[in-house]
1. Could you bin all the Cα-Cα distances of segment 9-92 into 5 Å bins starting at 0 and give me the percent of pairs in each, rounded to whole numbers?
2. When we measure straight from the Cα of K67, which lysines land under 18 angstrom away, once same-chain ones fewer than 8 places off are left out?
3. Excluding residues on the same chain fewer than 8 positions from K34, give the aspartates and glutamates whose Cα lies under 19 Å from its Cα.
4. Helix 55-65 against the longest principal axis of the chain: what's the angle in degrees, Cα atoms only, rounded to the nearest 10?
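Bear in mind these aren't lab numbers, they're just calculated from the coordinates by the rules spelled out. Predicted, not measured: the structure shown is a model, and the values here were computed from it.
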Amino acid sequence: MKQITLDTIVRKNDDIFTGAIDNETVAMSIQSGKYYQLNKTGSRILALLDHPRSIRELCEAIQGNYKMDYDVCQNDILEFMQEMANKNLILTV
């Protein structure tokens, strides 16, 4: 898997089924049979990926909802998106 950067464009994997439970999202991978529980922020990020977006656009959208340092936001989202890509929950475009 190639490294995710701020300019990488990603989208939600269409083979992932999602559902909401108590303000959190559960995502299930058909390929692996595994499921993942996402917190409120992770759920928001995944919801934003119904359409392809760059990581930079995700950072701007998330920072607009939360009061946090932009550099911290970028680092956290880059790390999270790399983890999501490694689990095949998102795809690069």
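1. 3, 15, 28, 26, 19, 8, 2, 0
2. Qualifying lysines at Cα under 18 Å: K40.
3. D14, D15, E24, E83
4. It is inclined by approximately 80 degrees.
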